[in-house]
1. Tally Lys and Arg at +1 and Asp and Glu at -1 over the other residues with C-beta under 15 Å from the C-beta of residue 114: what net charge comes out?
2. Normalise the Debye intensity by I(0) for the chain, one equal point scatterer per Cα, no solvent, then take log10 at q = 0.09, 0.10 Å⁻¹ and round to two decimals.
3. With the chain treated as a Gaussian network of Cα nodes joined by springs under 10 Å, which of 50, 147, 100 yields the largest mean-square fluctuation?
4. Between residue 57 and residue 36, with labels modelled 7 Å along Cα→Cβ, what's the label distance in nm to one decimal, could you check?
5. Measuring from centroid to centroid over Cα atoms, what is the spacing of the range 128-159 and the range 72-104 in Å?
6. Sort 21-28, 183-190 by packing, meaning the average of other beta carbons within 10 Å per residue, with the highest value first.
7. Could you tell me the calculated FRET efficiency between residue 48 and residue 98, based on Cβ-Cβ distance and R0 = 30 angstrom, to the nearest 0.05?
Amino acid sequence: AAEQSLDLARQGDSTAMLLGALCLVLSTLDPDAPDHRGRRAELLAELEQLTPDVEEESVKVVVWCQLGIAALGAKDLVAARRWYVLGRDAAAKDVINYNLGSLHFNIAEVDELEGDIDAAAAGYALAAQIFRQVGAQQVEAFTCTHLSGLLLGAARAQEALEVASDGVLAARRARSEGALVAALEALAAASEAMGDAPRAAAAAAEAAQLAA
């Protein structure tokens, strides 16, 4: 179906639609599958070639994000950062939006993989702030939970506790049981690291009850 959509898009005169179809086909290909590598390389090259010609910044944001994801899947951190930064800069031309938060998260992920914990923590915190501003509470909760774990691993327990608390609040506002369980588990771990056994036990108990 994805390949059929691409064939139809090639027959039209909309570059934006063609880019969307290319991204759709790309999303169906496994970056770890040897028999998909050639096709992926073709699609990525075409996306890279066509994207600068598109006028709509929103389309560029989506494509550059897809290129970044593809590069990250191929373990090419340099290329992933390049595409994510292009996407972030394009997204920043608009009002605060969900895509901007996602791209800050993606860049922070590259920072984390490269071992730059300070940059990663700052990026995740900014992403969480943007998600909060645009009302994406479930994603905000996930981001806070991830950031809390990162901070705890870096022996920054007080910060981890504060961020985990933000994650719990966001998950409650989102009414997302899965996000709340993860946030409570992060809160329990950070509380234990801070020596607050009662708070750790309470958070762990609530998480266990929800997960049961």
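1. Charge balance in the 15 Å sphere: -3.
2. Debye output, listed in q order: -0.44, -0.53.
3. Highest fluctuation among the options: 50.
4. About 3.3 nm separates the two model spin labels.
5. 18 Å
6. Details: 21-28: 18.6, 183-190: 25.2.
Top to bottom by mean Cβ count within 10 Å: 183-190, 21-28.
7. Working: r = 24 Å, r/R0 = 0.80.
Once the sixth-power term is evaluated, E becomes 0.80.
A short reminder: the numbers here are calculations on the coordinates, not readings from a lab. In this text, all values refer to a predicted model and were calculated from it rather than measured experimentally. Note that we place each Cβ from the backbone using ideal geometry, even for glycine, and neighbour counts take in every protein chain shown.
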